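The values are calculated or read from the model by the stated rules, or taken from the named source; none is laboratory data. Nothing here was measured: the structure is a model prediction, and the numbers come from that model. Here the Cβ is made from the backbone with ideal geometry for all residues, glycine too, and neighbour counts use every protein chain on show. Surface accessibility is based on the protein's heavy atoms, side chains included, excluding ligands, DNA and RNA. Shrake-Rupley method; radii C 1.70, N 1.55, O 1.52, S 1.80 Å.
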Amino acid sequence: MPLYRFDVFELDVGLYRLSRAGEPVSIGPKPFDLLLYLIRHTQRTISKAELIREVWQAEAVSDSSIPTCIAAVRRALGDEPDSPKFIQTVRGRGYRFIGNVASEPETPAKSTQRAIATSGSKAFVGRQAEMASLSEGLSRALGGDPQTYLLFGEAGIGKTRLIEEFTREAAAKGAAVLVGRCREEAGAPAFWPWIQILRTHIESGCQR
């Protein structure tokens, strides 16, 4: 997932995290999505109709929903509507992100490294049978035979760590690793994990 940097802020799409000088900033799901959309269309005025269609996904939206959400984003950024650094209100037209944004497409290798970093430095033990099965499937997939695996189990059993180890192996062997994550809370757009995967595929310039 790409990272977007502006001023002292960083928006991490993969982790759904806004940070300021390295420290997490509290922001709700919808304000996060709104900020992300504005950043992805920086310097262009985004109408309320477009925000309803693309961010709210055609949900029933009250007249106050967008201004309230914009206000929440401004609070998170410490932005003032009368002298904005980031979000400018274009009266009668919509909103525009005016900050200078630097984007960094996250490569499969970086994605794997970051996932491993967040899991800590504990040695990976056990799950040899599962890893062997996944590795065998990876070899077949790299040979042109598509594979699908479903990993399930109780919470805390080690599913995420297993996938992190497997994606590290896959990236090392030259596979394109594209990750989509579901949200635990309500409010995510329809097909959100697939949208993340496709966006990462396009933004990274992946040819596979």
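Residues that are of a type in the set (Ser, Thr, Tyr) and touching a helix residue (DSSP H, G or I) at 6+ places or on another chain (Cβ under 7 Å) do not occur anywhere in the stretch 79-90. On the basis of being more than 23 Å from Arg181 (Cα to Cα) and modelled with pLDDT of 95 or more, does Arg74 make the cut? So Arg74 passes the test. Phe152 passes every criterion in (1) exposed (fewer than 14 other Cβ atoms within 10 Å of the Cβ); (2) modelled with pLDDT under 80 apart from (2).
Within the stretch 161-188, being surrounded by fewer than 14 Cβ atoms within 10 Å (Cβ to Cβ) and modelled with pLDDT under 80 holds for Cys182, Arg183, Glu184, Glu185, Ala186.
To keep it simple, each residue is scored yes or no on (1) open to solvent by 70 Å² or more (accessible area, probe 1.4 Å); (2) in contact (Cβ under 8 Å) with a residue 24 or more places away in the chain; (3) of a type in the set (Phe, Trp, Tyr).
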{"residue": "Leu38", "(1), (2), (3)": "no, yes, no"}
{"residue": "Arg44", "(1), (2), (3)": "yes, yes, no"}
{"residue": "Lys48", "(1), (2), (3)": "yes, yes, no"}
{"residue": "Leu51", "(1), (2), (3)": "no, yes, no"}
{"residue": "Ser62", "(1), (2), (3)": "no, no, no"}
{"residue": "Ser65", "(1), (2), (3)": "no, no, no"}
{"residue": "Ile70", "(1), (2), (3)": "no, yes, no"}
{"residue": "Ala76", "(1), (2), (3)": "no, yes, no"}
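When Asp145 is tested against (1) more than 22 Å from Thr42 (Cβ to Cβ); (2) open to solvent by 70 Å² or more (accessible area, probe 1.4 Å); (3) modelled with pLDDT under 90; (4) not β-branched (Val, Ile, Thr), only condition (3) is not met.
In the stretch 137-164, the residues that are within 11 Å of Arg127 (Cβ to Cβ) form Cβ pairs under 7 Å with partners that are among the basic types (Lys, Arg) and in a loop (DSSP other than H, G, I, E, B), at six or more places apart or across chains, as follows: Gly158/Arg127; Leu162/Arg127. Does Ser111 qualify as being open to solvent by less than 80 Å² (accessible area, probe 1.4 Å) and either at pLDDT 80 or above or touching an Asp or Glu at 6+ places or on another chain (Cβ under 7 Å) (or both)? Spelling it out, it is not the case that Ser111 is open to solvent by less than 80 Å² (accessible area, probe 1.4 Å) and either at pLDDT 80 or above or touching an Asp or Glu at 6+ places or on another chain (Cβ under 7 Å) (or both).
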